[in-house]
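The values are calculated or read from the model by the stated rules, or taken from the named source; none is laboratory data. On a predicted model such as this, the values are computed, not experimentally measured, just so you know. Note that we place each Cβ from the backbone using ideal geometry, even for glycine, and neighbour counts take in every protein chain shown.
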Amino acid sequence: MSAVREEAGEERSWSASVVRWVSRLVPRGQWLPDRQPSYVASWIYVFGVAALASLVLVIVTGVVLTVGGVTWWHDSSLGHFVNSLHLWTVEFLFATMVIHLWGKFVMASWRGGRGMTWLTGVFSFLVSIGTAFTGYLIQTNFDSQWISTQAKDGLNSTGVGAAFNVMNFGQMVLYHVALLPLGVLVMVGLHIVLVRRHGVAPPIGAQPPADVVSETAASGSTKGEVA
């Protein structure tokens with residue numbers, strides 16, 4: 001009887017509840033699968049991971065710049081290096097995101113119930129554009145002054161200038177450092193969860209290996225999805 005009570009207590013514990021919730025979100029064995037179909041060896045599947053790795057480095061360098069202060073990189077050789085690393089990592093991030101999105105568009109990767117996976121990727125890209133734009137606005141140099149003054153009239157003509165004032169330096173810092181990066185992280189997190197849940201999209205006409213299909217079907221995934 002004590003063993004039964006202990007087992008029942010474990011089922012009602014918060015940790016068991018979290019495990020059950022995560023298992024419903026992404027079936028066990030699909031978070032970090034140790035096998036993938038042969039078509040995943042194609043280079044087109046590399047750019048999503050490359051974009052994710054770039055995002056991590058962008059966040060790390062951005063945090064360092066934030067701690068140093070918005071003008072730190074002007075009078076510090078280390079700050080200038082970190083700022084350059086931040087800039088070029090952002091450039092690489094957008095390059096890999098564009099290739100990833102166009103590649104998945106050509107592959108029609110929304111097939112097999114992956115529509116939300118595609119949409120979260122698109123929204124991640126759109127929010128990233130806003131994040132990069134606000135980053136240019138807080139460089140505290142002539143470039144940022146020029147960009148903000150030129151963008152002001154355009155944004156005012158759309159009616160959003162009152163809420164999104166590109167001439168308000170403090171507001172742009174808040175958007176770039178906190179609000180928009182949070183939006184990117186939420187979208188990317190949802191995207192990764194959906195990729196793990198539904199599996200990577202196969203090329204048009206390709207069939208997942210039979211053993212992978214049977215294993216994912218047994219774990220609760222839709223038939224034909226890849227772990």
Residues that are touching a Leu at 6+ places or on another chain (Cβ under 9 Å) and closer than 25 Å to His191 by Cβ: which helices (runs of 4 or more DSSP H) entirely in region 53-166 hold 1 or more of them? 77-106, 115-137
Qualifying residue in region 129-138 (condition: out of contact with any Phe, Trp or Tyr (no Cβ under 9 Å at 6 or more places or on another chain), exposed (fewer than 15 other Cβ atoms within 10 Å of the Cβ) and of a type outside the set (A, V, I, L, M)): no
Of all residues being assigned to a helix (DSSP H, G or I), at pLDDT 70 or above and hydroxyl-bearing (Ser, Thr, Tyr) in region 1-28, which is nearest to Gly189 (Cα to Cα)? Just the residue, please. Ser23
Could you list, in sequence order, the residues of region 16-47 that are free of Cβ contacts under 8 Å to residues at least 12 places away in the same chain and more than 21 Å from the chain's Cα centre (by Cα)? Ala16, Ser17, Val18, Val19, Arg20, Trp21, Ser23, Arg24, Asp34, Ala41
For residues that are surrounded by 14 or more Cβ atoms within 10 Å (Cβ to Cβ) and among the small types (Gly, Ala, Ser), scanning just region 65-79, find the one that is farthest from Leu137 (Cα to Cα). Ser76
Go through Val60, Val49, Val82 for me and flag whichever is surrounded by fewer than 17 Cβ atoms within 10 Å (Cβ to Cβ), more than 21 Å from Ala206 (Cα to Cα), of a type in the set (Val, Ile, Thr) and modelled with pLDDT of 95 or more. Val60
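Residues are listed down the side, and each one gets a yes or a no for (1) touching a Cys at 6+ places or on another chain (Cβ under 8 Å); (2) of a type in the set (D, E, K, R); (3) buried (at least 17 other Cβ atoms within 10 Å of the Cβ); (4) modelled with pLDDT of 90 or more:
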site	(1), (2), (3), (4)
Asn165	no, no, no, yes
Phe169	no, no, no, yes
Val177	no, no, yes, yes
Leu190	no, no, yes, yes
Ala201	no, no, yes, no
Gly205	no, no, no, no
State which residue is nearest to Ala206 (Cα to Cα) when the search covers only region 112-142 and only residues that are without any contact (Cβ under 8 Å) to a residue 60 or more places away in the chain and of a type in the set (Phe, Trp, Tyr). Trp118
Do we find that Gly220 is assigned to a loop (DSSP other than H, G, I, E, B), at pLDDT below 90, on the phi > 0 side of the Ramachandran plot and of a type outside the set (Asp, Glu) in this structure? yes
